[in-house]
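*Asks:* Quick one: structure below, then a few questions.
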Amino acid sequence: MRIVMLGPPGSGKGTYASRLTSILGIPHISTGDMVREEIRAQTEIGRKIKEYSDRGELVPDKIIIDLLVERLKKPDAQRGFILDGFPRTIRQAEALERISEIDVVINLNVPDEIIIQRLSNRLVCRKCGAIYNRLTLKPKVDEVCDLCGGELYQREDDKPEVIRERLNVYRRSTEPLIDYYRRKGLIKDVHCNDLMTPPDVIVNKIIEIIGGLKKEK
Ligand code: AMP
């Protein structure tokens, strides 16, 4: 199964994708995680893209497409994948089409107030990337990852002034993809209107959608 998770920043793409990965046995490929890893490791690419990422802007298409193409060549991606944060522009979607088919695009619909509350309270593990939330998904011990004991931190781009910019960028560059994929008949809408909805409720909705598609085949 080749799945694209579409939705604004803070719609839960990463949280749901990381749970789906263990249920479906296919990798969770987050271009945001790949970007942060390049920056952390201070690679040549990392140095080029840090400023875009810190400002909440998109990294140039060419750089991100090259990173993704390499990732999709790896053996674990041959049986399927869950893409989180890619594509984000029509150009990226067209590039993806040239290298792989897509079975379904899960479009997460979440009101802005929930997104802002989620992102401004989000914490991420520095070591394993697990996602927490000060309001809804608290770690057992403050600031410590339940899974690996790593330190939890707030992403540079989860600061309030950057969140606004990321939402603008989403509206401008990524939202047109909803129509693009709807015309291809690939979109399945999933709604989350309540901040306190447990992630597993949404994950189960997505599993039902995927189960339905497998039956259709
Ligand atoms: P995310 O974790 O998906 O919110 O991504 C964090 C940041 O990485 C974004 O604000 C962009 O600067 C960059 N990024 C991640 N994925 C992409 C993409 N597909 N295209 C362009 N920039 C991206």
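Values in this text are rule-based calculations from the coordinates and carry no lab data. In this text the structure is predicted, and so the values were computed from the model without any measurement. As a convention, Cβ positions derive from the backbone with ideal geometry for all residues, glycine included, and neighbour counts pool all protein chains shown.
*Asks:* Dipole of segment 82-205, Cα-centred, from +1 at each Lys and Arg C-beta and -1 at each Asp and Glu C-beta, to the nearest 20 debye?
*Replies:* In total the dipole reaches around 160 debye.
*Asks:* So what's the net charge close to Glu161: Lys and Arg +1, Asp and Glu -1, counting the other residues with Cβ under 12 Å from its Cβ?
*Replies:* Net local charge, Glu161 excluded: -1.
*Asks:* Could I ask something else about it? What do you get when you divide the Cα radius of gyration of segment 1-86 by 2.2 N^0.38 Å, with N the number of residues?
*Replies:* 1.09
*Asks:* Output the peptides 30-38, 179-187, 82-90 sorted from most to least packed, where packing is the average of other Cβ atoms within 10 Å over each peptide's residues.
*Replies:* 82-90, 30-38, 179-187
*Asks:* Quickly rank 208-215, 166-173 as a protection proxy: mean count of other C-beta atoms within 10 Å, highest first.
*Replies:* With the highest mean Cβ count within 10 Å placed first, the list reads 166-173, 208-215.
*Asks:* Could you give the distance between the Cα centres of segment 75-104 and segment 112-168, to the whole Å?
*Replies:* Value for the Cα centre distance between the two parts: 26 Å.
*Asks:* If each DSSP helix of 4+ residues adds -39,500 (n - 2.57) and the sum is divided by the residues in the chain, what number results at 222 nm, nearest 500 deg cm²/dmol?
*Replies:* -14000 deg cm²/dmol
*Asks:* Relative contact order (percent) for the chain, with alpha-carbon contacts under 8 angstrom and 6 or more residues of separation?
*Replies:* 29 percent
*Asks:* Right, here's the next one. Within 13 Å, Cβ to Cβ, of Gln78, how many net charges do the neighbouring residues add up to if Lys/Arg are +1 and Asp/Glu are -1?
*Replies:* +3
*Asks:* Right, another one. If you build the convex hull over the alpha carbons only and average its shadow over all orientations, what do you get for segment 38-146? Give it in nm² to one decimal.
*Replies:* 8.8 nm²
*Asks:* Let me ask you something else. For the chain, set up a Gaussian network in which alpha carbons nearer than 10 Å are linked by springs, and say which option among Gln154, Gln42, Gln117 fluctuates the most.
*Replies:* Gln42
*Asks:* With +1 assigned to the C-beta of every Lys and Arg and -1 to the C-beta of every Asp and Glu, and no other charges, what is the dipole magnitude of the chain about the Cα centre in debye, to the nearest 20?
*Replies:* 400 debye
*Asks:* Can you give the % of DSSP beta bridges in the chain that are antiparallel, to the nearest 5?
*Replies:* Given both bridge residues lie in the chain, the antiparallel proportion sits at roughly 30 percent.
*Asks:* So if I place +1 on the C-beta of Lys and Arg and -1 on the C-beta of Asp and Glu, and nothing else carries charge, what would the dipole magnitude of segment 1-40 be about its Cα centre? I want it in debye, nearest 20.
*Replies:* About 120 debye.
*Asks:* Grab every C-alpha pair in the chain, bin the distances at 5 angstrom width from 0 up to the longest one, and report whole percents.
*Replies:* 1, 7, 15, 19, 22, 19, 12, 5, 1, 0
*Asks:* In the structure shown, do any of Lys62/Lys127; Lys50/Lys140; Lys184/Lys215; Lys73/Lys127; Lys74/Lys188 have a Cα-Cα gap over 23 Å, and if so which?
*Replies:* Table pairs above 23 Å Cα-Cα are Lys62/Lys127; Lys50/Lys140; Lys73/Lys127; Lys74/Lys188.
*Asks:* Starting from the Cα-Cα distance between Arg134 and Glu97, subtract it from 0.36 nm times their residue separation and give me the gain in nm to one decimal.
*Replies:* 9.5 nm
*Asks:* From the Cα gyration tensor of segment 135-217, with a ≥ b ≥ c the square roots of its eigenvalues, which class applies: rounded if a/c is under 1.5, or else prolate if a/b is larger than b/c, or else oblate?
*Replies:* oblate
*Asks:* Lys/Arg Cβ at +1, Asp/Glu Cβ at -1, dipole of the chain taken about the Cα centre: which of Ile65, Ser120, Ile131 is farthest positive-ward?
*Replies:* The Cα lying farthest towards the positive end belongs to Ile65.
*Asks:* Sequence-distant or interchain residues sharing an amide H contact under 5 Å with Arg2, placed H: which?
*Replies:* Phe81, Asp103, Val104
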